[in-house]
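Notes for the one structure printed next.
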Amino acid sequence: MRIKGSAIVMGLYLLFLLVPIYWLVNMSLKTNTEITSTFSLFPNDLTFANYVTILTDPSWYNGYINSMIYVSMNVVISLTVALPAAYAFSRYRFMGDKHLFFWLLTNRMAPPAVFALPFFQLYSSVGLFDTHIAVALAHCLFNVPLAVWILEGFMRGVPKEIDETAYIDGYSFPRFFVKIFLPLIASGVGVAAFFCFMFSWVELLLSRTLTATHAKPIAATMTRTVSASGMDWGVLAAAGVLTIVPGALVIYFVRNYIAKGFALGRV
Amino acid sequence: MDKTQNNKAWFLVLPVLALVAFSAVIPLMTVVNYSLQDTFGNNEFFWAGLEWFEDVLDSDRIKDALGRQILFTGIILAIEVPLGIFVALNMPKKGFWASFCLVLMALPLLIPFNVVGTIWQIFGRVDIGLLGHTLAAMGVDYNYTNDVFDAWATVIIMDVWHWTSLVALLSYAGLQSIPEAYYQAAKIDQAGRLAVFRYIELPKMQGVLLIAILLRFMDSFMIYTEPFVVTGGGPGNATTFLSIDLVKQAIGQFDLGPAAAFSLIYFLVILLISWVFYTVMTNLDKRDGV
């Protein structure tokens with residue numbers, strides 16, 4: 001009896017999650033005339049023209065390429081600096097460590113709206129405005145603290161005896177870190193990468209403020225249809241659907257670690 | 001775990017420090033700078049002291065925005081946390097259906113914020129949206145661009161849609177860590193469903209729930225894109241939350257001084273509340289001996 005009840009609850013919840021997304025997909029497969037003139041749960045006049053528009057027009061698909069570039073850069077930078085720091089926090093006590101850790105976390109708490117304007121001025125003055133690296137660095141503001149937090153949680157789970165044995169066996173620190181330690185926390189690294197990807201991919205305020213044309217993210221390109229002559233609902237919906245696809249793919253690959261990952265290694 | 005005292009660990013932290021100094025400290029100092037000065041353009045600044053802070057603390061506009069922000073955060077926490085726990089309790093424990101639910105539930109979390117806004121903006125429209133159209137067909141007078149209550153309802157349902165899964169996934173992770181033996185012991189003691197929840201599941205979820213509340217608090221307190229896309233802060237100022245108001249002031253009107261003072265106060269409020277959460281969390285970690 002209980003199994004049946006829980007199945008109903010889950011069914012309703014998933015329905016609630018999926019209906020708005022379904023509506024977007026449904027709209028992306030209709031023509032604009034059909035969207036505005038008739039109201040139907042299924043496309044009567046199935047068309048892929050909206051997707052064709054996006055995939056053949058450089059000003060559209062470059063948005064995806066730009067987003068992909070700065071997101072990957074951000075993931076690499078965040079993980080590279082976060083790994084040694086997380087190791088230090090998980091293994092050593094040092095002067096000011098607790099304060100430093102909280103100070104790092106405060107950057108995760110900083111509202112992007114506070115930083116938008118200073119970032120714009122900072123990156124303009126060093127000549128990085130409208131480059132991918134500018135967005136990647138700006139997103140480090142909240143991704144690095146998060147990566148350190150997640151990795152530290154996973155690293156705490158690895159017994160210290162492993163480090164000590166490796167040093168006795170004559171491993172140098174870098175070699176031990178790459179050869180022995182990294183494989184042990186591989187799932188943690190995956191989870192951290194997933195979160196960096198996620199928060200960099202969904203963020204818009206900073207990435208829009210810091211770019212004009214060359215590095216403009218897809219999410220900002222989308223606002224174009226809204227102001228263009230009339231509303232191009234079909235293309236807008238198709239662009240929206242295409243921004244969901246990379247996220248969905250990534251989720252599929254990390255599905256077995258998602259729950260543990262969201263707990264930041266702290267269960 | 002007992003850690004070794006070693007101040008050389010600072011070297012491992014240096015890259016992070018350098019990066020964060022560039023991407024956080026310098027911009028933050030710019031903000032502090034603006035908050036203490038006034039300008040008549042031409043890059044000529046002069047000292048204004050604490051004038052802006054006094055202005056900001058006196059202004060009704062910001063008090064109203066703060067009030068709306070607190071109300072919004074309060075409502076979404078009150079809905080998302082219990083709902084998230086409830087969903088987690090009903091999730092399949094393992095096998096194909098568990099993965100299936102996990103993947104679908106994580107989906108809204110990976111949608112760019114403005115697409116979330118767009119989805120709900122379309123979904124709620126009376127002419128072409130499923131929700132708006134259905135409500136209109138049922139005779140409900142629903143219009144999120146004109147009616148304050150409808151605008152709030154839409155923004156809140158959107159946030160519940162967007163983030164409840166985060167709470168649910170965290171609670172699920174907490175539930176997964178409970179050994180089967182606990183449930184068997186409860187069965188022997190003839191504990192009811194409520195007792196199992198109160199004395200076994202809830203304590204085990206405590207840690208992850210705190211993370212969930214902390215994350216949801218921080219993120220909802222800085223929410224900008226989603227309500228902005230749906231309502232643009234309107235009708236009137238009804239859904240103008242702190243970030244929306246700040247961006248209007250800083251980038252829209254270019255009132256740098258007041259905007260900077262506002263930013264700092266805003267940041268400090270978040271810091272203060274987060275610090276409380278963080279302290280509670282680390283103390284819990286210590287008590288459990290992790």
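The values are calculated or read from the model by the stated rules, or taken from the named source; none is laboratory data. Please read these numbers as outputs of a predicted model, since none were measured by experiment. Every residue, glycine among them, receives a Cβ derived from its backbone with ideal geometry; neighbour counts consider all protein chains shown.
Give me the residue from segment B:255-285 that is over 24 Å from residue A:101 (Cβ atoms) and among the hydrophobic types (A, V, I, L, M, F, W, C) and, out of that set, modelled with the lowest pLDDT.
Restricting to residues being over 24 Å from residue A:101 (Cβ atoms) and among the hydrophobic types (A, V, I, L, M, F, W, C), the top hit is B:256.
When you go through (1) assigned to a helix (DSSP H, G or I); (2) surrounded by fewer than 22 Cβ atoms within 10 Å (Cβ to Cβ); (3) within 18 Å of the chain's Cα centre (by Cα); (4) touching a residue at least 60 places away in the same chain (Cβ under 8 Å) one by one for residue A:216, which number turns out not to apply?
(1)
So, in segment B:18-75, how many residues would count as being within 14 Å of another protein chain (Cβ to nearest Cβ), modelled with pLDDT under 80 and out of contact with any strand residue (DSSP E or B) (no Cβ under 9 Å at 6 or more places or on another chain)?
Number of matching residues: 2.
Which pairs have Cβ atoms under 7 Å, sit 6 or more apart or on different chains, and link a residue in segment A:15-38 that is among the small types (Gly, Ala, Ser) to one that is part of a helix (DSSP H, G or I)?
A:28/A:50; A:28/A:234; A:28/A:237; A:28/A:238; A:28/A:241
Of all the residues that make up segment B:231-248, how many are within 12 Å of chain A (Cβ to nearest Cβ) and more than 12 Å from residue B:72 (Cβ to Cβ)?
5
Looking only at segment A:71-116, how many residues end up being closer than 30 Å to residue A:129 by Cβ and either of a type in the set (D, E, K, R) or not assigned by TED's automatic domain parsing to the domain that holds residue A:154 (or both)?
1
Among (1) buried (at least 16 other Cβ atoms within 10 Å of the Cβ); (2) at pLDDT 80 or above; (3) more than 9 Å from chain B (Cβ to nearest Cβ); (4) in a helix (DSSP H, G or I), there is one condition residue A:245 misses while meeting the rest; what is its number?
Result: residue A:245 fails condition (1) only.
Can you spot a residue in segment B:250-261 that is surrounded by 17 or more Cβ atoms within 10 Å (Cβ to Cβ), closer than 30 Å to residue B:119 by Cβ and not aliphatic (A, V, I, L, M)?
There is no residue in segment B:250-261 that is surrounded by 17 or more Cβ atoms within 10 Å (Cβ to Cβ), closer than 30 Å to residue B:119 by Cβ and not aliphatic (A, V, I, L, M).
Restricting attention to segment A:41-57, does a residue exist that is buried (at least 20 other Cβ atoms within 10 Å of the Cβ), aromatic (Phe, Trp, Tyr) and either more than 8 Å from chain B (Cβ to nearest Cβ) or at positive phi (or both)? Write out each step before concluding.
In the first step, residues of segment A:41-57 are kept if they are buried (at least 20 other Cβ atoms within 10 Å of the Cβ); the result is A:50, A:54.
Next cut, aromatic (Phe, Trp, Tyr) only: none.
No, the conditions are met nowhere in segment A:41-57.
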